[in-house]
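Reviewing the structure listed below.
The values are calculated or read from the model by the stated rules, or taken from the named source; none is laboratory data. Only a predicted model underlies this, so the values are computations on that prediction, with no experimental measurement involved. Positions of Cβ are backbone-derived with ideal geometry, glycine not excepted, and every protein chain shown enters the neighbour counts.
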Amino acid sequence: MRLLHTSASAPSQSGEQSLQNKQGTAKTNRLISASQSRQGGYIMSNYKNYQLHSAFQPIISVAHRRAVGYEGLIRAETSDKVSHSPLNLFLEPTTNAEHLSLDRLCRSLHIQNFSQQETSNEWLFINLNSQCLATEKPDPGFMNSLFSITGIAPRRIVIEILESEIYDRVYLQELITHFRSLGCLIAIDDFGAGHSNFDRIWELEPDIVKIDRSLIQRAAVNVRIERILTGIVSLIHEAGSLVIIEGVETEKEALTAIRANTDMIQGFYFAKPNKLISPDNTLDQTFNTLLKLQKRQKNLSTCDLNNNFTQFEKLFKNALNDFSLNHSIEASAEIIFKEPRAIRCFLLSEAGYQIGSSIHSPKFRTQIAPHFLPLLSGNNANWAHKNYHYRAIHQFNQIQISRPYLSVAGSHLCITVSQAVSLNNKIFVFCCDLEWLDD
């Protein structure tokens, strides 16, 4: 148990803290200066057979069209100037204590070199070796000492944590609380890789979430995964965190990231890591080009959709007129099924209840998977919660088109075309599902 001294000669608690800070700063000074050299104001460190230096990769705000932060990345080369992968460097330590020492060396190198750059309020993103911190549970004064030595404000530091590396959830929360108490921001790195899950987002409440490159790679070539990526970004926003999509290397990936509504982008398409930080005056033009391409693609897609729907609209109106005269959804459906993408027709009451079974087109009748038979019978199901019913009732005699969605009746993507009609003083909603193709 630590005893509290109350005599006049005893140092105050704040005095003890000040002494600890000075001792920590001196210790940090010794650590970061022991193996350092300077080259034109640029700081490098020696570690075993490697010479280490920092490289900074811009993190760009889509809205501001400029770098709002930089990730500090370690670069290693041998005495003969041959570059080596950082992966080789991080295989050198053999104990957790050595891992912690190397981790601190990298952090000190990045913060020192960042402090020498011509920046204003931009962030510096720093990766932590979370596992060695969890194992060693070191003295937390190291970062404070670095801030004191370099003059970098803690609010400009974003600590990147690989939450999957730390199994001690209590300590992980303590670690985040500690860095937040210093004034740093917290980012969860590589979300979407490995065993990442949303539980950690709700639990840790990071300021920023960095989405792993694997997701943008796959989303750029697969529309279904692009929708998933967009949903992930939306969920992260709902949780109160900003989003960075990292690893963007192509124009298509950049367009996909922008469509997914990311806040920031990082990747070789915009900028490669560099020792020196300098403004990029080409970013505004880059984003102008991307947004023009996005608008052109959207216009072409909308034009194709409108042209296709104009043809289907005639069939739908003919079918609706036939239903108004003959009151037979089966006969009216035959008119609709001249459209190859038509899946089913069904009739709803004003309250949203389905009247009778769905009428499936001959083409899709043969494609019905028996696995989903429990969901296929729509008789007496209620679809009042669906927009295609609500909007049809409230915009009477106007055709409604839903957004693409996954139909519970068959588990496939479709859009629903609907319109309310009055028969014998009762209101019905005539509906047709059309197959939605990803391309």
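Computed values, structure above
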| item | result |
| --- | --- |
| Residue check for Ser418: in contact with a helix residue (DSSP H, G or I) (Cβ under 9 Å, 6 or more places away or on another chain), surrounded by 15 or more Cβ atoms within 10 Å (Cβ to Cβ) and at pLDDT below 95 | no |
| Given (1) touching a residue at least 60 places away in the same chain (Cβ under 8 Å); (2) in contact with a strand residue (DSSP E or B) (Cβ under 6 Å, 6 or more places away or on another chain); (3) closer than 21 Å to Val248 by Cα, index of the condition Leu185 fails | (3) |
| Scope region 244-277; condition hydroxyl-bearing (Ser, Thr, Tyr) and either assigned to a helix (DSSP H, G or I) or not assigned by TED's automatic domain parsing to the domain that holds Ile186 (or both); matching residues | Thr256 |
| Extreme residue, nearest to the chain's Cα centre (by Cα), among residues of region 397-415 that are over 23 Å from Arg227 (Cβ atoms) and exposed (fewer than 12 other Cβ atoms within 10 Å of the Cβ) | Gln398 |
| Selection from region 174-216 of residues that are touching a helix residue (DSSP H, G or I) at 6+ places or on another chain (Cβ under 7 Å) and of a type outside the set (A, V, I, L, M, F, W, C) | Gly183, Gly192, Gly194, His195, Ser196, Arg200 |
| Residue list for region 353-406, filter: modelled with pLDDT under 80 and under 15 Å from Ser418 (Cβ atoms) | Gly378 |
| In region 28-52, the residues that are at pLDDT 65 or above, under 16 Å from Thr150 (Cβ atoms) and surrounded by fewer than 17 Cβ atoms within 10 Å (Cβ to Cβ) | Gln36, Arg38, Gly41, Tyr42 |
| Qualifying residue in region 184-193 (condition: at pLDDT below 80 and either surrounded by 21 or more Cβ atoms within 10 Å (Cβ to Cβ) or closer than 28 Å to Gly247 by Cα (or both)) | yes |
| Pairs with Cβ under 9 Å, 6+ apart, first in region 251-265 and without any contact (Cβ under 8 Å) to a residue 40 or more places away in the chain and closer than 12 Å to Val233 by Cβ, second among the hydroxyl-bearing types (Ser, Thr, Tyr) and in a helix (DSSP H, G or I) | Arg259/Thr230; Asn261/Thr230; Asn261/Ser234 |
| Filtered residue count, region 119-173, keeping only those that are in contact with a helix residue (DSSP H, G or I) (Cβ under 8 Å, 6 or more places away or on another chain), assigned to a helix (DSSP H, G or I), modelled with pLDDT of 90 or more and closer than 20 Å to Val209 by Cβ | 0 |
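Table: residues versus (1) among the charged types (D, E, K, R); (2) more than 19 Å from Ile359 (Cβ to Cβ); (3) part of a strand (DSSP E or B).
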residue	(1), (2), (3)
Ala392	no, no, no
Phe396	no, yes, no
Thr416	no, no, yes
Val421	no, no, yes
